[in-house]
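Asks: Sharing a structure here in structure tokens format.
Nothing in this text is a laboratory measurement; each read-out follows from the coordinates by a stated rule. In this text the structure is predicted, and so the values were computed from the model without any measurement. All Cβ positions, even for glycine, are placed from backbone atoms using ideal geometry, and neighbour counts span all protein chains on display.
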Amino acid sequence: MTFSILAEYFEELEQTSSRLSLISILAALFKEARKDEIKEISYLIQGRVAPFYEATEIGMAEKNVASAIARSYEVDREEVLKLYGKLGDMGLVAQHLSLKFKISNPPAGRAGLKLGVKDVFDTLRQIAKTTGKGTVEKKISLLCSLLEKVDGVGAKHLSRIPLGTNRLGVGDPTVLDAFAEAKLGDRKKRKLLEDAYNKVSDLGLIGETLWEKGLEGVQKLDVTVGRPIRSQLAERINDPEAILEKYGGEAHVQLKWDGFRTQLHKKGQTVRIFSRNLEETTHMFPELIEGVLKQVKANSVILDAEAIAYNPESEEFLPFQETTKRRRKYQVEEMAKELPLKAFVFDVMFVDGKSLMDTSLRERMKVLEEIVKADEILIPQPGEFVKTTERLNVLFQDALTKGLEGVLVKRPDSLYEAGARNFNWIKLKKHSNGELKDTIDCVILGYIFGRGKRAEFGAGALLVGVYDKETDEFVTVSKIGTGLTDEEWREIHARADKIKLDHKPARVNSLITPSVWVKPEIMIEILADEITRSPLHTAGMEESSLPAARLPDGQGRQGYALRFPRMTRFKEDREPEDATTVKELIEMYNLQYKK
């Protein structure tokens, strides 16, 4: 497939506002591509040249991409940057200058008709791998060599990839839907691919294997050290008695720490660390590497843990806001001394060549106790199995007195279900009937222009949503205008303007039209007084069966909304799909009225 054809597909994806259309366009793309191109196309759709967990970043700043555009179309870089300031999108700048240049130079760009997808991918990957003396110049020259050979649409989409500003609006589940439709004949067969995807976290590998070895080949893919597993997540129930009843009279309890979800991989003397959103963070946490090498008594292992900053003088664990300071690329050693980390290890998914994914929690806890020794940098958390509400309450209250959010309660015979969010794991946090005490993780979908003082910030209210896992859509739950400092308003506006769109994103379901739509990428934590029913918001929208007295406008189509919402913080270590789900929101709503 030529890159010009791929760019036309990208143009269709960008312009559609329907998720079903996204699937159809992608399916057509995959059907047209050769099987040895599926992997590369999958990564390029994500704006990448490698899976997310591989630390292969193209690493070009805006000024460097501007230099490549200027050189390709024979203009001054300052002209490129000036146009960028006006358009706000380097892709549109490249498209405009490409078309202008080729009107004056008709023969230019004809080679682009034959420039293959693999040629572009390999060159972009070469840019990412370029290091050493003269790196900047080499990267500019390589990007320039591609821009000179593509048409205007190709230049638009190509220029965005090095900057990470791909605007296709395609989520991983949508790509899996398209794989299923193109190769298995029905997008509803996505679930046949999801189990393997959750174990390998690599869309390119899933696509390549499906095309080359079929569904049977995909289902043979398994956990491997060095490739992160998508984290298992918890649902919420705030009634200890109900949890024990749900689990048949016995539950496993662990403390719930508020830090970084950290996946620790060890093979021989090599340790790699991955975040909850699959980013490799090995270089950020040297003390965790030391802890794994010193304390883990296994040749190969994958551990699930929570890393938290620690004050050795006061022997206190620090708040999340302090822990976040450790997520940095520079001055790592200095920060490790100032804010050392400890990691609470609460699960094990692989040991010495054997996957434990299909092993019960009870057995995994035995393995955890055997392989993580001492109580130093790594602190094993084998937890406690309880059979009474009284004991569960004691452990819960003990967690609160330690300043923790609460406890994680788990089904004793449950397996480790990668990527799943279900009631095999339950968060038990402080809560009172009729009053919302838990926070909700939301994604910013757009903003409304401000008035008065807010006008100077560019945004006066945010339209936010939660994630509907069943439909792979973001659905609205609130407009929010409180809880942010002046500086945070400015920061949100600056972030949002980099990802603003001129139309509703295809994976957003909204009855409200904000002043500006943005790609659903920025995650914030929200506290609200109550969850209510609303005819304006689309989270869980359906024909309501509740009494009319409980509904603002009587019977009819009702969604769920937040009453008196306020932002508490940004959630930097989350992907948009990690937002609170509609299912969780409805569960929280029902708990409010439980007597």
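Asks: Tell me the GluC sites (Glu not before Pro) within segment 222-261 that lie in a loop according to DSSP and have at most 14 other beta-carbon atoms within 10 Å. Kindly include the intermediate steps, with their values, before the conclusion.
Replies: Details: sites: GLU235, GLU241, GLU245, GLU250; in loops: GLU250.
Taking segment 222-261 and a limit of 14 other Cβ atoms within 10 Å, the loop GluC sites (Glu not before Pro) found are GLU250.
Asks: Lys and Arg at +1, Asp and Glu at -1: add these up for the other residues within a Cβ distance under 12 Å of GLU334 and post the number.
Replies: Here the charged neighbours net out to +2.
Asks: Once phi is turned into ³J(HN,Hα) by the Karplus curve 6.51 cos²θ - 1.76 cosθ + 1.60 with θ = phi - 60°, what whole-Hz value does each residue of segment 472-479 show in order, with x for glycine and proline?
Replies: Once rounded to whole Hz, the list reads 6, 10, 9, 10, 6, 9, 5, 10.
Asks: Calculate I(q)/I(0) for segment 181-262 by the Debye formula, one identical point scatterer on each C-alpha and no solvent, and give its log10 at q = 0.19, 0.20, 0.22 Å⁻¹ to two decimals.
Replies: Taken in order of the listed q values, log10 I(q)/I(0) reads -0.87, -0.90, -0.99.
Asks: Neighbouring Cβ atoms within 10 Å as the yardstick, rank HIS283, HIS493, HIS252 fewest first.
Replies: Numbers: HIS283 12, HIS493 17, HIS252 21.
Listing HIS283, HIS493, HIS252 from fewest to most nearby Cβ atoms yields HIS283, HIS493, HIS252.
Asks: Would you mind ranking ILE140, ILE161 so that the residue whose beta carbon has the fewest other beta carbons within 10 Å leads the list? Write down the numbers at each step before the final one.
Replies: Values: ILE140 22, ILE161 25.
In order of increasing Cβ crowding within 10 Å: ILE140, ILE161.
Asks: FRET efficiency for ASP529 and LYS267, Cβ-Cβ distance as r, R0 = 51 Å, nearest 0.05? Spell out each step's value before the answer.
Replies: Working: r = 49 Å, r/R0 = 0.96.
FRET efficiency, ASP529 to LYS267: 0.55.
Asks: Ranking THR135, THR485 by Cβ neighbours within 10 Å, fewest first, what do you get? Please list the in-between numbers first.
Replies: Numbers: THR135 13, THR485 9.
Fewest-to-most Cβ neighbours within 10 Å comes out as THR485, THR135.
Asks: Could you check the simple spin-label distance between SER355 and GLU521, using points 7 Å along Cα→Cβ, in nm with one decimal?
Replies: 3.2 nm
Asks: Using a ≥ b ≥ c from the Cα gyration tensor of segment 21-99 (square roots of the eigenvalues), is it rounded, prolate or oblate, where a/c under 1.5 gives rounded and otherwise the larger of a/b and b/c decides, a/b for prolate?
Replies: On the way: a/c = 2.60, a/b = 1.82, b/c = 1.43.
It comes out prolate by the Cα gyration axes.
Asks: Among all stretches of the chain without exposed chymotrypsin sites (Phe, Trp or Tyr not before Pro) (DSSP loop, at most 14 other Cβ atoms within 10 Å), which one is longest? Write out the running numbers ahead of the final one.
Replies: Working: sites that count: TYR330, PHE449, TYR593.
Here the longest run is 1-329.
Asks: Would you mind checking LYS519/LYS571; LYS256/LYS498; LYS256/LYS571 for any pair whose Cα atoms are more than 27 angstrom apart?
Replies: Numbers: LYS519/LYS571 16 Å; LYS256/LYS498 35 Å; LYS256/LYS571 17 Å.
The answer is LYS256/LYS498.
Asks: Starting from 0.36 nm per residue, how many nanometres of slack lie between GLU137 and PHE564 once their C-alpha separation is accounted for?
Replies: Numbers: separation 427, 0.36 × 427 = 153.72 nm, distance 5.22 nm.
Contour length minus the Cα-Cα distance gives 148.5 nm.
Asks: Normalising by the residue count of segment 237-429, find the relative contact order in percent from Cα pairs under 8 Å and 6+ residues apart.
Replies: Values: 385 pairs, mean separation 57.0, N = 193.
With pairs under 8 Å counted, the relative contact order is 30 percent.
Asks: Still on this structure, please answer the following. Going by amide H atoms built from the backbone, whose H comes under 5 Å of the H on ALA461, apart from near neighbours?
Replies: For ALA461, whose amide H was placed from the backbone, the distant partners under 5 Å are ILE448.
Asks: Compute the distance in nm between two label points, each set 7 Å from the Cα along the Cα-to-Cβ direction, one at LYS297 and one at LYS118.
Replies: 5.0 nm
Asks: Reachable aspartates and glutamates from LYS183, Cα under 15 Å, same-chain residues fewer than 8 places away excluded?
Replies: The reachable aspartates and glutamates, counting only those whose Cα sits under 15 Å from LYS183, are GLU32, ASP36, GLU37, GLU194, GLU208, GLU212, GLU216.
Asks: Follow-up. Once both labels are modelled 7 Å past Cα along the beta-carbon direction, what's the ARG362-LYS63 spacing in nm?
Replies: Distance between the two pseudo-spin positions: 6.3 nm.
Asks: Would you mind classifying segment 237-429 by shape? Square roots of the alpha carbon gyration tensor eigenvalues, ordered a ≥ b ≥ c; an a/c under 1.5 is rounded, otherwise it is prolate if a/b is larger than b/c and oblate if not. Intermediate results must be reported in sequence, preceding the final value.
Replies: Values: a/c = 2.01, a/b = 1.34, b/c = 1.50.
The shape class here is oblate.
Asks: Hey, how much of the P(r) for the chain falls beyond 44 Å, as a percent of Cα pairs?
Replies: Numbers: 36631 of 176715 pairs.
Roughly 21 percent, once rounded to a whole number.
Asks: Then there is this: Can you figure out the FRET efficiency of ASP497 with THR388, using R₀ = 45 Å and their beta-carbon distance, to the nearest 0.05?
Replies: On the way: r = 55 Å, r/R0 = 1.21.
Computed FRET efficiency for ASP497 and THR388: 0.25.
Asks: Another one. As an exercise, use a Förster radius of 60 Å and the Cβ-Cβ distance of LYS246 and GLN15 to find the FRET efficiency, rounded to the nearest 0.05. It would help to have the intermediate numbers written out before the result.
Replies: On the way: r = 46 Å, r/R0 = 0.77.
According to the calculation, E is roughly 0.85.
Asks: Once the piece of chain linking LYS82 and GLU470 is laid out straight, how much longer is it, given 0.36 nm per residue of separation minus the C-alpha distance between them? Don't jump to the answer; show the numbers that get you there.
Replies: Working: separation 388, 0.36 × 388 = 139.68 nm, distance 4.34 nm.
Result for the pair: 135.3 nm of gain on full extension.
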